[in-house]
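One structure below.
No lab work stands behind these numbers, since they all come straight from the coordinates. For clarity, every value in this text was computed on a predicted model and none was experimentally measured. Cβ: placed from backbone, ideal geometry, glycine included. Neighbour counts: every protein chain shown.
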Amino acid sequence: MPMRVGEIYRLRLPAIGWVRVLPNPPETYCYIEGEVGYLVETLFTRNRWWATGDGKPNNHRSPWIRTPKRC
């Protein structure tokens, strides 16, 4: 199940925090491995990065996101 805009998800790293899925800026799209990317932001430090619907980040420094399992 892909992520939804406005929802809050936990990061896979323990005790780090939560992220919120933001609406993509107008005229901006990010494709990660052929999937449309979602702009996410941490609630505490306000860091932003792009992630796939499965929670995989677009770079190696950002943490993975725990998403609901697909059916």
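Structure notes:
- Evaluating 6.51 cos²θ - 1.76 cosθ + 1.60 at θ = phi - 60° for every residue in the range 49-55, the Karplus couplings come out as 7, 9, 9, 7, x, 8, x Hz, glycine and proline recorded as x.
- In this simple spin-label model, placing a label point 7 Å from the Cα along the Cα-to-Cβ direction at both Val5 and Arg61 gives a separation of 2.7 nm.
- Computed on the range 1-63, the Cα convex hull volume stands at 86 Å³ per residue.
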